[in-house]
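Undergrad: Below: one structure in structure tokens.
The values are calculated or read from the model by the stated rules, or taken from the named source; none is laboratory data. Note that the structure is predicted; figures quoted are calculated from it, not measured. Here the Cβ positions follow ideal geometry from the backbone for every residue, glycine too, while neighbour counts run over all protein chains shown.
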Amino acid sequence: MNEENIGLRERLIGAGVELLAAEGVQALTLREIARRAGVSHGAPRRYFPTRLELLSAIARRGFAELAARAVAAAAGTGEDADPRERLTALCRAYLDFARSDRGMFELMFRHDLLASGRLGLRETSLPLFGMLVDLVARARPRTGAAPEVAAAALWANLHGIAQLREWGSLQLATGSEDVEPLLHAALDAHLGTVQP
């Protein structure tokens, strides 16, 4: 692919990312992405034969951004931080991303995109999951479920917190906008309670 094609491909993805942030998943049409990128409505088909491939390319950007934020958050706790502290920072970054980039978060976890295998979205998320597994393994006792299982359960818990917060259900149930107590309850449930 020559530089001009790479530039246009990236422009289409960038236009999709901007449209997603401004108007949400429902606005992601090939025609509107092409319009925002300043090309004909048929141009995206040259680089993305299907809408699913363009949506997958946009979601891939989201996974890269989430991974960068999570790595930075965990690293920001300092080299001397214990694994649970680093894991807590990673979990906060996940919940913050879900709130601040709602459209992207919704797109990234669409079953049809993940199941399609387009652009290896599942594989794109594996390094972040690997980091979660590693921190879970180091932050909890060597008893109970395998680290992969405990990490998957924690991730499911975090994803549920993010989704229920978006729907307003958590605020109704807890009477608060603060997810910090829920985050600590989830960590205690999957890692064990921190002893004073």
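Undergrad: Just to be sure before I move on: is residue 135 at pLDDT 90 or above, of a type in the set (A, V, I, L, M) and crowded, with 18+ Cβ neighbours inside 10 Å in the structure I sent? It would help to see each step written out before you state the result.
TA: Details: at pLDDT 90 or above: yes; of a type in the set (A, V, I, L, M): yes; crowded, with 18+ Cβ neighbours inside 10 Å: yes.
Here the answer is yes, as residue 135 does meet what is asked.
Undergrad: Taking the condition over 19 Å from the mean Cα position of the chain (by Cα), in contact (Cβ under 8 Å) with a residue 24 or more places away in the chain and assigned by TED's automatic domain parsing to the domain that holds residue 88, does residue 141 pass?
TA: On the way: over 19 Å from the mean Cα position of the chain (by Cα): yes; in contact (Cβ under 8 Å) with a residue 24 or more places away in the chain: yes; assigned by TED's automatic domain parsing to the domain that holds residue 88: yes.
It is true that residue 141 is over 19 Å from the mean Cα position of the chain (by Cα), in contact (Cβ under 8 Å) with a residue 24 or more places away in the chain and assigned by TED's automatic domain parsing to the domain that holds residue 88.
Undergrad: Would you confirm whether or not segment 46-57 contains a residue that is within 22 Å of residue 151 (Cβ to Cβ) and modelled with pLDDT of 90 or more? Give the derivation first.
TA: Quick first cut of segment 46-57, residues within 22 Å of residue 151 (Cβ to Cβ) only: none.
No - not one qualifying residue is present in segment 46-57.
Listed here are the residues, each with its yes/no results for (1) of a type outside the set (Ser, Thr, Tyr); (2) within 24 Å of residue 117 (Cα to Cα); (3) crowded, with 20+ Cβ neighbours inside 10 Å.
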residue: 11; (1), (2), (3): yes, yes, no
residue: 32; (1), (2), (3): yes, no, no
residue: 40; (1), (2), (3): no, no, no
residue: 75; (1), (2), (3): yes, no, no
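Undergrad: Then there's this: Among the residues in segment 71-79, are any outside any helix (DSSP H, G or I) and free of Cβ contacts under 8 Å to residues at least 12 places away in the same chain?
TA: Keep residues of segment 71-79 that are outside any helix (DSSP H, G or I), which gives 76-79.
Now restrict to residues that are free of Cβ contacts under 8 Å to residues at least 12 places away in the same chain: 78-79.
Yes, there is a match, as at least one residue in segment 71-79 is outside any helix (DSSP H, G or I) and free of Cβ contacts under 8 Å to residues at least 12 places away in the same chain.
Undergrad: Another question about this same structure. Across segment 141-159, what is the number of residues that are at pLDDT below 85 and either in contact with a Leu (Cβ under 6 Å, 6 or more places away or on another chain) or within 12 Å of residue 187 (Cβ to Cβ) (or both)? Talk me through it step by step, then tell me what you get.
TA: Going residue by residue through segment 141-159, those that are at pLDDT below 85 are 141-145.
When the remaining residues are screened for being either in contact with a Leu (Cβ under 6 Å, 6 or more places away or on another chain) or within 12 Å of residue 187 (Cβ to Cβ) (or both), the result is none.
Looking only at that region, the number is 0.
Undergrad: Related question: For residue 66, which of the numbered conditions (1) on the phi > 0 side of the Ramachandran plot; (2) modelled with pLDDT of 95 or more; (3) not acidic (Asp, Glu) fails to hold?
TA: For residue 66, the exception is condition (1).
Undergrad: Given the criterion touching a Pro at 6+ places or on another chain (Cβ under 7 Å), of a type outside the set (Gly, Ala, Ser) and assigned to a helix (DSSP H, G or I), identify the matching residue among 122, 138. Let's see the steps before the verdict.
TA: Numbers: 122 fails: touching a Pro at 6+ places or on another chain (Cβ under 7 Å).
The unique qualifying residue is 138.
Undergrad: Taking the condition of being surrounded by fewer than 20 Cβ atoms within 10 Å (Cβ to Cβ) and within 15 Å of the chain's Cα centre (by Cα), how many residues in segment 110-123 meet it?
TA: 6
Undergrad: While we're here: Got a number for residues in segment 145-196 being touching a residue at least 24 places away in the same chain (Cβ under 8 Å), surrounded by fewer than 18 Cβ atoms within 10 Å (Cβ to Cβ) and not in a helix (DSSP H, G or I)?
TA: Looking only at that region, the number is 2.
Undergrad: Every residue in segment 80-107 that is outside any helix (DSSP H, G or I) and loosely packed, with under 15 Cβ neighbours inside 10 Å, please. Explain how you work it out, then say what you get.
TA: Initially, segment 80-107 is screened for residues outside any helix (DSSP H, G or I), giving 80-82, 101.
Hits for segment 80-107 are 80, 82.
Undergrad: Which residues, counting only those in segment 15-30, are outside any loop (DSSP other than H, G, I, E, B), surrounded by 13 or more Cβ atoms within 10 Å (Cβ to Cβ) and either of a type in the set (A, V, I, L, M, F, W, C) or without any contact (Cβ under 8 Å) to a residue 24 or more places away in the chain (or both)? Steps first, answer last, please.
TA: Keep residues of segment 15-30 that are outside any loop (DSSP other than H, G, I, E, B), which gives 15-23, 25-27, 30.
From what is left, the residues that are surrounded by 13 or more Cβ atoms within 10 Å (Cβ to Cβ) are 15-21, 25, 27, 30.
Result: 15, 17, 18, 19, 20, 21, 25, 27, 30.
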